[in-house]
1. Name the single residue that is nearest to the chain's Cα centre (by Cα) among those in segment 75-125 being more than 16 Å from LYS137 (Cα to Cα) and among the polar types (S, T, N, Q).
2. Pairs, please: C-beta under 8 Å, at least 6 apart or cross-chain, first residue free of Cβ contacts under 8 Å to residues at least 24 places away in the same chain and within 12 Å of ALA92 (Cα to Cα) and in segment 68-82, second of a type in the set (Phe, Trp, Tyr) and surrounded by fewer than 23 Cβ atoms within 10 Å (Cβ to Cβ)?
3. Among the residues of segment 126-142 satisfying the criterion of being in a loop (DSSP other than H, G, I, E, B) and more than 15 Å from the chain's Cα centre (by Cα), which is surrounded by the most Cβ atoms within 10 Å (Cβ to Cβ)?
4. Just checking, does segment 85-106 include any residue being assigned to a strand (DSSP E or B) and modelled with pLDDT under 95?
Amino acid sequence: MTIIEAKIKGLLHGPPFHHTLYPMTEFLHKFACFDCQVAFKRQALEDASSGSAHQSDSDIIYKCPNCGHRMAFMGRNFAAPSKNDSSGWAAAKSLWEAGFRFVGNGYHDDPAFPKIKPDVNSFIEQNPEHKQRVGIKQQWKNYS
């Protein structure tokens, strides 16, 4: 009997069967350009096997294909606002500048990120210890 046959019959214990057949795929993370209001999924680490859903920044620098500005690392869970949602993009930019990243597995008790700009400043003030505030504070205009 082969190892695969034994796993199928439940004779061998260990990680789920599919974990032994397929190699772990790399995590893709979202990168955004706030000037062009675009986001792309990209690899964030040179060594993809060491990736984490909780990382705070990228080892790899990507430039926006439209304007050439360095793209902001947003995390795996960033859902980009639509191109014409300027309030949504302003909210995402302010959150990023304050050190918030869309990271982790989504299971935490902290409040969800605001989706519109008018709600962001009070959110930032009220959540200094938020589990997704893992990045450093920085200004987009100086980020290159």
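1. Among residues in segment 75-125 that are more than 16 Å from LYS137 (Cα to Cα) and among the polar types (S, T, N, Q), the one nearest to the chain's Cα centre (by Cα) is ASN77.
2. ALA79/PHE102
3. For segment 126-142, the residue satisfying everything is HIS130.
4. Checked segment 85-106: at least one residue is assigned to a strand (DSSP E or B) and modelled with pLDDT under 95.
The values are calculated or read from the model by the stated rules, or taken from the named source; none is laboratory data. Quantities reported herein were computed from a predicted structural model and do not represent experimental measurements. Backbone-built Cβ (ideal geometry, glycine too); neighbour counts: all protein chains shown.
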